[in-house]
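*Asks:* This is the structure, below, for whatever I ask next.
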Amino acid sequence: MGKRRAGRELLRSLSKKQKKHLREFGEEHPFYDKLLLLLLLHSCFPFQSEDSDKSSAESDSETEVEQVSGYHKLLATLKTSPESESEEEEDESESEESRAHEAEVDSEGSQETGEAEGGEEDKNDVPEEEEDTAEQTLSQEQADGTDASCDPRHGVIEEFTDVKHESEFSLETNFMEEESGDCNADRRDSNPFKQHMDKELEEKEVEKMSTLPKTSSQSQWPRLGQLIFSSTLEKHKTLKADKEVDVKQLHLHKPLESTWPKVNKQFLSSVDKPTDSPFTPLQRELFCIMNSYRDLFYPERNALTNGEEIRHAYCLHALNHVLKANAQVLSNNAKRRDRKPGTDTDDHRDQGLTRPKVLMIVPFRECALRIVHIFISLLEVNDKKKIDVSNKKRFKGEFGSDPEEKPPNLKRPEDYEAVFAGNIDDHFRIGVAILQKSMRLYAPFYSSDIIIASPLGIRTVIGAEGEKKRDFDFLSSIEILIIDQADIYLMQNWEHVLHLMKHINLLPLDSHGVDFSRVRMLNLNNWSKYYRQMLLFSALQDPQINSVFNKHCFNYVGQVAVRNVPLTGSISHVVVQLPHVFRRLEADSVTSVIDARFQFFIDKVLPEYRDAIMSHTLIYVPSYFDYVRLRNYFKKEDLNFTHICEYTKKAAVCRARRFFLKGEKQFLLFTERFHFYKRYTIKGIRNLIFYELPTYSHFYSEICNMLKATDSGVDATWTCTVLYSKYDAQKLAAVVGIDRTAQMLQSKKNVHLFVTGEN
């Protein structure tokens with residue numbers, strides 16, 4: 001006891017700054033007196049706490065095991081001191097209060113949040129974190145925008161930054177290894193990377209891109225179909241699809257030429273006509289566009305069929321870009337080292353204002369896990385030459401999933417199982433640094449080459465105007481922006497995507513230690529956005545997604561958008577005999593259609609269903625704001641109804657389903673986001689009203705086919721009414737097909753369709 005008391009007395013003599021440094025880094029600052037710290041270590045050495053073992057057990061590498069140092073033991077005594085214990089209790093109470101506040105959010109909540117529980121019925125319905133709550137939770141983050149790993153099982157955000165490998169992965173202090181890199185990459189005149197990044201724009205061209213409209217042309221490709229090429233500088237210059245692709249002609253970085261055919265072999269076995277090409281027909285055409293550094297919008301991504309093919313293709317492109325960029329920097333490092341003293345040259349401008357080059361936006365942790373696994377597979381030449389991956393064990397623990405956590409016997413559609421596979425936590429971000437034969441996970445953002453994040457994860461770092469802790473300088477020199485599964489963000493929070501686009505490729509507020517003699521002139525001129533390539537993948541065409549591609553793509557090379565029209569709609573998958581009535585409403589503009597739809601519904605549609613004979617009526621509402629408006633109106637009119645949304649608690653959902661099935665409630669208000677995250681089968685439906693066409697076209701047939709879940713023998717009385725306007729052309733075509741859509745938009749009369757289940 002005497003030694004412990006003496007140790008605590010010495011600890012109390014430390015200043016607050018010294019204690020804070022010991023807690024954060026586990027060692028003394030070089031400025032402080034080492035004799036005092038040696039006395040502290042000597043007094044604390046006989047005692048070893050469990051916390052010290054835990055802190056030292058978090059090794060920075062899976063292959064290196066560090067012994068427990070005296071500094072960590074000193075850190076353990078700091079953690080067990082009364083002062084630190086009281087601080088931990090305060091932090092725990094604050095986190096409990098924030099979780100209690102989130103649990104109290106009811107159906108009146110904002111549509112800013114969403115639910116991603118993957119249909120696990122045994123979990124409570126807790127909405128996604130509000131922005132202000134996330135900001136409070138992240139108040140302890142480092143100002144350099146490092147990773148905040150969120151444990152989905154405990155809801156605790158824990159800061160972890162790998163600072164051990166800073167010098168090992170620094171671009172400034174390393175040099176090219178001749179056998180591992182593409183030393184002559186800068187000499188290849190036909191290299192797409194060099195052609196794109198070395199192009200020097202003139203001020204007249206930049207002014208032309210910011211003022212003049214784009215010219216477009218069409219082209220038909222064998223696999224992608226109808227393509228729209230648009231550009232301001234290069235008029236009507238289109239690509240042609242390569243029938244056969246030789247890996248050597250793609251100018252891939254040296255290790256990727258040999259690893260890509262092996263990694264992609266799993267998709268080649270499903271090709272109808274086996275060839276020697278290392279790409280599937282879809283990958284070949286997509287990579288042809290990617291490798292030309294044009295912006296790309298592909299709205300036909302399907303999690304069941306081509307999702308993984310597309311993921312492998314853009315991972316290859318992103319990794320190839322990073323390896324080439326880093327190889328150029330390392331090669332120039334050697335040239336600068338070997339040059340004669342006194343000689344000054346401006347030929348080695350090969351960097352941006354910050355290091356991150358690629359930003360990958362994905363919806364769930366499982367997606368980030370698969371991307372990192374693809375990177376590792378592409379970098380490992382063979383089983384004997386394994387690459388060194390730092391923090392791999394921690395990454396698997398935080399981004400992996402436990403198969404036993406998923407409740408058994410949950411029957412959901414195949415597309416649902418594909419989307420919500422693995423860890424579906426949607427609040428994460430992680431920096432990845434790649435240097436020759438090594439990969440570093442959890443790298444600080446300003447030391448990362450690639451940043452993988454969810455919209456919510458990147459949003460909480462960027463922050464909002466007026467906040468003290470916010471950072472978006474690391475987005476200043478992004479050269480490739482990949483947004484995968486953009487349709488899911490419509491179900492989460494689309495505002496996060498728009499917020500990201502407003503803060504990307506801006507001039508940084510701080511220099512962050514950059515060597516301005518190595519910075520490209522395009523970055524110094526604030527022209528980064530004209531060189532940025534954007535790859536946008538979605539399962540559908542939506543006006544909000546189209547708007548991001550049209551308004552935020554400034555690539556001087558141009559844009560390519562896939563614009564195929566659906567010949568047959570999802571109405572052909574309706575298996576019940578059901579009359580469909582499509583009722584057109586008139587609106588003067590896109591902004592006025594919201595009010596026009598509400599007025600049309602309460603004046604002309606709802607009166608027809610007020611009669612008791614029209615019971616068991618489900619009203620499908622895609623927008624949460626429309627749902628709140630209808631719910632308030634139903635309450636005001638004292639209608640017999642119940643409601644289910646994404647924020648409804650499990651017990652309330654069960655009650656609403658039971659009341660609706662038994663006919664105790666005439667109407668059921670039902671939101672699209674609840675159906676997206678749960679996919680419950682609602683029994684007892686006799687009348688359907690689509691207040692607006694669904695975002696996902698296959699939801700139309702899914703909801704209609706719910707009528708067969710009720711064996712009442714009165715299928716002749718089933719009805720289905722759909723409200724639409726001329727601004728719903730894309731959604732309408734996805735449901736009824738392009739031919740019927742053209743007829744319905746030309747005619748102002750209501751359209752009656754009868755589906756027999758064989759259409």
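*Asks:* Could you rank the peptides 251-259, 663-671 by their average count of other C-beta atoms within 10 Å per residue, with the highest value first?
*Replies:* 663-671, 251-259
*Asks:* Return the distance in nm (one decimal) between the two label points of a simple spin-label model at LYS726 and LEU639, each offset 7 Å from Cα along Cα→Cβ.
*Replies:* 2.8 nm
*Asks:* So, one more: Given H placed on each backbone N at 1.01 Å, which residues far from GLY684 in sequence or on other chains put an amide H within less than 5 Å of it?
*Replies:* Amide H to amide H, under 5 Å and 5 or more residues apart or across chains, GLY684 pairs with THR710.
*Asks:* How large is the Rg to Rh ratio of the range 464-562 when both quantities use alpha carbon positions and Rh follows Kirkwood?
*Replies:* The Rg/Rh ratio comes out at 1.00.
*Asks:* Any idea what % of Cα-Cα pairs in the range 527-596 are farther than 18 Å?
*Replies:* 64 percent
*Asks:* What are the ³J(HN,Hα) couplings of the range 229-234, residue after residue, when phi is run through the Karplus curve with 6.51, -1.76, 1.60 and θ = phi - 60°? Round to Hz, x for glycine and proline.
*Replies:* Going residue by residue, I get 9, 9, 6, 9, 8, 9 Hz, with x marking Gly and Pro.
*Asks:* If packing is taken as the average number of other Cβ atoms within 10 Å across a peptide's residues, how do 599-606, 314-321 rank, most packed first?
*Replies:* My ranking of the peptides, most packed first, is 314-321, 599-606.
*Asks:* Mind giving me the nanometre distance, one decimal, between the label points for ALA334 and VAL751, set 7 Å out from Cα along Cα→Cβ?
*Replies:* Label-label distance for ALA334 and VAL751, simple model: 6.5 nm.
*Asks:* From zero up to wherever the largest Cα-Cα distance of the range 259-402 sits, split into 10 Å bins and tell me the percent of pairs in each.
*Replies:* Pairs per bin, as whole percents: 8, 31, 33, 19, 7, 2, 0.
*Asks:* What does the highest-first list of 261-269, 226-234 look like by mean Cβ count within 10 Å?
*Replies:* Descending packing order for the listed peptides: 226-234, 261-269.
*Asks:* Hey, another quick one. Can you tell me what the convex hull of the Cα atoms of the range 568-756 projects to on average, as an area in nm²?
*Replies:* That works out to 10.1 nm², a quarter of the Cα hull's surface.
*Asks:* How much accessible area per residue does the range 568-756 have, in Å², with a 1.4 Å probe?
*Replies:* Dividing the accessible area of the range 568-756 by its residue count gives 42 Å².
*Asks:* Would you mind checking LYS194/LYS214; LYS649/LYS678; LYS604/LYS636 for any pair whose Cα atoms are more than 21 angstrom apart?
*Replies:* Flagged as over cut-off: LYS194/LYS214.
*Asks:* Output the pairs from LYS529/LYS731; LYS265/LYS385; LYS262/LYS385 with a Cα-Cα distance over 26 Å in this structure; if there are none, say none.
*Replies:* The answer is LYS529/LYS731.
*Asks:* Another question, then. Ignoring ligands, DNA and RNA, what percent of the 1.4 Å accessible area of the range 647-758 is carbon and sulfur?
*Replies:* It is 49 percent, rounded to a whole number.
*Asks:* Okay, next question. Under 8 Å for C-alpha pairs, at least 6 residues apart: give me the relative contact order for the range 568-756, rounded to a whole percent.
*Replies:* 41 percent.
*Asks:* Still on this structure, I have one more. Averaged over every viewing direction, what's the projected area of the C-alpha convex hull for the range 365-471? Give it in nm², one decimal, please.
*Replies:* Its Cα hull, projected and averaged over all orientations, spans 9.4 nm².
*Asks:* How many nm separate the modelled label positions at GLU308 and GLU202, each set 7 Å beyond the Cα in the direction of the Cβ?
*Replies:* Placing both labels 7 Å along Cα→Cβ, they lie 5.1 nm apart.
The values are calculated or read from the model by the stated rules, or taken from the named source; none is laboratory data. Keep in mind that what you see is a predicted model, and the values were worked out from it rather than measured. When we count neighbours, we look across all protein chains shown, and the Cβ atoms used for this are built from the backbone with ideal geometry, even at glycine. Calculation scope for accessible area: heavy atoms of the full protein, side chains included, ligands and nucleic acids excluded. Shrake-Rupley method; radii C 1.70, N 1.55, O 1.52, S 1.80 Å.
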